[in-house]
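Comments concern the structure below.
Computed from the coordinates by the stated procedures, all read-outs in this text should not be read as laboratory data. Just so it is clear, the structure is predicted and the values come from calculations on it, not from any experiment. FYI the Cβ positions are ideal-geometry reconstructions off the backbone, even for glycines, and counts take in every protein chain you see.
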Amino acid sequence: MIIPPAYRAAHRPPTRAGDNRAKVIYRIDSDDRLVYADGAFHRFADAAGVPDLAERWYGRSIWHCIGDDELRAVFVALVARARSGRTVHVDTRCDSPSLARSVAMEIVPLPDNGVEFRCRLGRARLMTPALPSGSELLRVCAWCYRADRGGWRDIEDVVADEHLLERATVPVVTHGICDGCLAEAAAQLDPAPA
Ligand SMILES: [Zn+2]
């Protein structure tokens, strides 16, 4: 997602070579609305051909600008992990039709349930043709956001181990409930002792 529009916008060469290594920073508030974007964000948006990107998205939910449902579901889970109090590190990519660029992203919790995204842009390389979307599934607990991989694991670990956000296609995300959350829900349903 960094930069949601990068998935859609036609590629334009960066205005300066140095922009390739820029750290792009933007923040959302507790309602996931874009509330801040730094100068590198503006330069990147400019290079991606959408110079008014931040202005267009200020005050609006960032989720609206991720067209891909699966990608959005993974990022929603990662942001929820950050809000639980930890800084989440993920490697992802941001593609145009002809170029793929790696992005090392930190998702950092802020006071009042805000979240800051710090994105270090890697080198761009020519795109390999997109793989057909597979039938691979990623089951995510809708309560704690752990992912089912033969045992429930923190989603950021699964993203890292499987290079999930660096691939051409993201697995289909389904929501379920993990054993721990199921046990907790069941316990709450039990009539309390008098
Ligand atoms: Zn769970």
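Points to keep in mind about this one:
- For segment 63-72, the Karplus equation 6.51 cos²θ - 1.76 cosθ + 1.60, evaluated at θ = phi - 60°, returns couplings of 5, 5, 9, 9, x, 8, 4, 5, 4, 4 Hz by residue, with Gly and Pro reported as x.
- Over all distinct Cα-Cα pairs of segment 28-87, the Kirkwood formula returns a hydrodynamic radius of 12.6 Å.
- Exposure proxy ranking for 57, 143, based on other Cβ atoms within 10 angstrom of each Cβ and starting from the fewest, stands as 143, 57.
- A straight line joining the Cα centroids of segment 155-173 and segment 21-97 runs 17 Å.
- Segment 160-177 - phi-based ³J(HN,Hα) in whole Hz, Karplus 6.51/-1.76/1.60, Gly and Pro as x: 5, 5, 9, 6, 4, 9, 9, 8, 5, 10, 9, x, 5, 8, 10, 9, x, 9
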